[in-house]
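I have placed the structure first, in the form of structure tokens, so that the comments after it can refer back to it.
The values are calculated or read from the model by the stated rules, or taken from the named source; none is laboratory data. Everything quoted here is computed from the prediction, not taken from an experiment. Cβ: placed from backbone, ideal geometry, glycine included. Neighbour counts: every protein chain shown. Keep in mind that these areas ignore ligands, DNA and RNA; they rest on the heavy atoms of the full protein, side chains included. Shrake-Rupley method; radii C 1.70, N 1.55, O 1.52, S 1.80 Å.
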Amino acid sequence: MSNNFIFDTHLFKQLLKAKLVNIRSVLVERIINIYVWAGSTIFVTGYLMQSFGLTQNFGPFQLAGILAAVGLFELYGNTITLVADIEGDCVIVYYLTLPSSIVTILLSYVCYFFIISMSMCFTLIPFSKLILWRQFNLFDVAWIKWLFFIVLINFFWAILPFVLVSYLWSIERLRLLWIRIIFPLWMFGGFQFSWMTIHSFAPLLSYVMLLNPVMYATEGIRAALLGQDGYISFWICFLVITLFCIITSWWGIKALKKRLDLV
Amino acid sequence: MSQSNSYIEIKNIKKSYRCTDGSIKNALNGVSLVIKRGEVFGLLGVNGAGKTTLSSIIATLHPPTSGEVLFNGESIYSDLIAYRSQIGFCPQRPNLDGLLTLEQNLRFAGRYYRMSESEINDRLQKLVKQFELGDYLKKKASELSGGYRQRFMIARSLMHSPKLVILDEPTVGLDPHIRRQLWSKILELKNEDVTVILTTHYLDEAEQLSDRVCIIDKGLIKLIDTPENLLADFKKKNLEDVFLGLMHEIKDENHE
């Protein structure tokens with residue numbers, strides 16, 4: 001095993017440990033937030049909206065959308081954290097002069113973001129079960145598929161801040177992130193509808209929507225959580241998100257190197 | 001200067017940046033110099049002269065546009081990890097991890113360089129005593145005054161006992177008496193055979209601390225010599241007068 005690999009592995013472990021020192025307080029806040037958001041959405045769509053004609057399984061349907069979007073909403077906070085650091089304290093600059101490669105440093109951030117959004121997703125399942133109760137049957141869930149897919153999409157959301165940071169070069173520009181990037185990705189990412197529903201009455205629009213990674217994230221989670229019927233094939237979603245991960249990783253490292261003018 | 005004497009050798013370094021308005025700024029225009037083992041090497045110049053650019057290239061934060069930096073005769077990029085293991089970098093802007101206590105900042109700084117816990121404890125004790133940090137270890141960086149934040153920054157850069165320390169304007173914005181206190185800490189490094197690259201625009205600081213000073217202006221080296229030789233050559237009483245004299249000469253040359 002090469003010395004550099006040993007150095008990289010050791011440093012990665014320590015960087016992650018340093019980031020996780022205060023994880024408990026961070027997680028408590030995040031889990032409260034997700035419970036408020038998911039709880040109110042699932043309750044309204046699972047019970048109240050039925051009197052407006054929504055089907056009974058709309059609550060679990062929304063839960064799948066929320067699970068896919070946890071990382072998307074974390075993306076906003078994670079990007080703010082990185083931009084604020086680059087514009088302010090520049091702690092990342094210290095890390096980038098440590099004896100390691102840029103990939104190791106960035107991977108420690110990615111893992112930190114990943115751990116937080118994964119923890120949120122995991123705690124959401126029992127919480128949602130309590131709210132939806134009979135509407136959400138845990139025995140219908142393809143757990144292995146769900147686990148692989150939730151890992152994959154949260155990894156994707158954890159990488160994406162590095163691409164965004166490279167283009168949102170000031171705190172002021174962060175205002176654009178929510179309205180111009182996250183909101184359209186979410187609204188056209190199938191949170192309130194499945195891709196096939198859109199395809200049946202607006203085929204052209206449905207093809208455009210296939211450019212949106214959120215669509216695959218949402219559909220893949222639905223296929224694992226609620227069954228394959230009526231959704232894009234789980235394996236297509238898996239493959240496409242994997243491709244998005246590869247492209248985003250390459251792009252994120254390249255763009256950040258350019259932005260920070262790194263060795 | 002003989003090659004064997006050189007510790008860091010900088011060969012014709014040029015660095016250009018693209019500004020936000022799209023124009024190109026040449027921060028360094030072909031800098032060559034040699035830094036000897038165990039010396040305090042002062043990089044002097046007005047704001048924007050290229051000191052910080054040069055020190056961040058030596059710290060491997062930014063790559064040069066052209067030219068090379070040799071460490072013990074080898075390019076610093078030939079084994080970047082080995083080189084980085086031997087340097088300590090204290091940037092101009094304090095960048096302690098605000099989520100950690102100051103003790104955790106120092107402990108992790110040791111762990112990042114694969115020090116054992118017993119080595120970390122010994123080193124921590126020594127640095128805490130040397131920089132008088134004992135009362136602040138459980139605090140966070142945001143609770144510190146500028147002077148103590150800077151002490152912690154220097155202490156962190158020394159945690160892994162580097163052979164080469166790059167201090168970029170370590171005393172900027174500090175009260176005169178705190179500056180003096182930090183000077184004594186920097187001089188102590190010399191006794192430990194640590195090579196120090198000290199970037200500063202305080203001329204008294206460079207005069208007091210540096211074995212040799214290098215004056216940079218507009219990305220070019222104007223002078224490199226010992227403070228004593230510069231005072232003798234320019235027939236001045238202090239480095240400030242030498243610097244001002246030199247700047248006048250440069251201004252006159254530019255007018256001609």
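Give the residue that is most open to solvent (accessible area, probe 1.4 Å), with candidates limited to residues of segment A:1-29 that are within 8 Å of chain B (Cβ to nearest Cβ) and polar (S, T, N, Q).
A:3
List the pairs whose first member sits in segment A:74-100 and is facing another protein chain (nearest Cβ under 7 Å), whose second member is surrounded by fewer than 18 Cβ atoms within 10 Å (Cβ to Cβ) and basic (Lys, Arg), and whose Cβ atoms are under 7 Å apart, counting only residues at least 6 apart or on separate chains?
Going by the 7 Å Cβ cut-off, the qualifying pairs are A:90/B:93.
Looking at segment A:144-184, which of its residues are part of a helix (DSSP H, G or I), open to solvent by 40 Å² or more (accessible area, probe 1.4 Å) and touching a residue at least 24 places away in the same chain (Cβ under 8 Å)?
A:145, A:148, A:151, A:155, A:167, A:178, listed by residue number.
For segment B:113-127, which residues satisfy the criterion of being within 8 Å of another protein chain (Cβ to nearest Cβ) and either open to solvent by less than 70 Å² (accessible area, probe 1.4 Å) or of a type in the set (Val, Ile, Thr) (or both)?
Answer for segment B:113-127, where residues must be within 8 Å of another protein chain (Cβ to nearest Cβ) and either open to solvent by less than 70 Å² (accessible area, probe 1.4 Å) or of a type in the set (Val, Ile, Thr) (or both): just B:113.
Quick one: in segment B:43-79, which of the residues that are open to solvent by 50 Å² or more (accessible area, probe 1.4 Å) and among the polar types (S, T, N, Q) is farthest from residue A:99 (Cα to Cα)?
B:47
How many residues does segment B:191-210 hold that are more than 13 Å from the chain's Cα centre (by Cα) and open to solvent by less than 50 Å² (accessible area, probe 1.4 Å)?
The total comes to 1.
Looking at (1) in a strand (DSSP E or B); (2) on the phi > 0 side of the Ramachandran plot, which one does residue B:173 not meet, given that it meets all the others?
(1)
Within segment B:90-112, count every residue that is open to solvent by 40 Å² or more (accessible area, probe 1.4 Å) and either of a type in the set (D, E, K, R) or at pLDDT 95 or above (or both).
Residues meeting the conditions: 4.
Examine segment B:131-139 for a residue that is among the charged types (D, E, K, R), away from chain A (no Cβ under 12 Å) and part of a helix (DSSP H, G or I), and state whether such a residue exists.
yes
Yes/no per residue for (1) open to solvent by 20 Å² or more (accessible area, probe 1.4 Å); (2) of a type outside the set (Gly, Ala, Ser); (3) over 23 Å from residue A:169 (Cβ atoms); (4) modelled with pLDDT of 95 or more:
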site: A:207; (1), (2), (3), (4): yes, yes, yes, yes
site: A:220; (1), (2), (3), (4): no, no, yes, yes
site: A:240; (1), (2), (3), (4): yes, yes, yes, yes
site: A:253; (1), (2), (3), (4): yes, yes, no, no
site: A:256; (1), (2), (3), (4): no, yes, no, no
site: A:260; (1), (2), (3), (4): yes, yes, no, no
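Considering only segment B:211-234, how many residues are part of a loop (DSSP other than H, G, I, E, B) and open to solvent by less than 60 Å² (accessible area, probe 1.4 Å)?
3
Please specify each residue of segment A:9-45 satisfying the condition of being of a type in the set (A, V, I, L, M, F, W, C), in contact with a Phe, Trp or Tyr (Cβ under 9 Å, 6 or more places away or on another chain) and farther than 18 Å from residue A:128 by Cβ.
Passing the criteria: A:11, A:15, A:16, A:18, A:20, A:21, A:23.
Taking the options A:130, A:124, name whichever one is open to solvent by less than 40 Å² (accessible area, probe 1.4 Å), more than 10 Å from every other protein chain (Cβ to nearest Cβ) and in a helix (DSSP H, G or I).
Selected residue: A:124, the only one of A:130, A:124 that is open to solvent by less than 40 Å² (accessible area, probe 1.4 Å), more than 10 Å from every other protein chain (Cβ to nearest Cβ) and in a helix (DSSP H, G or I).
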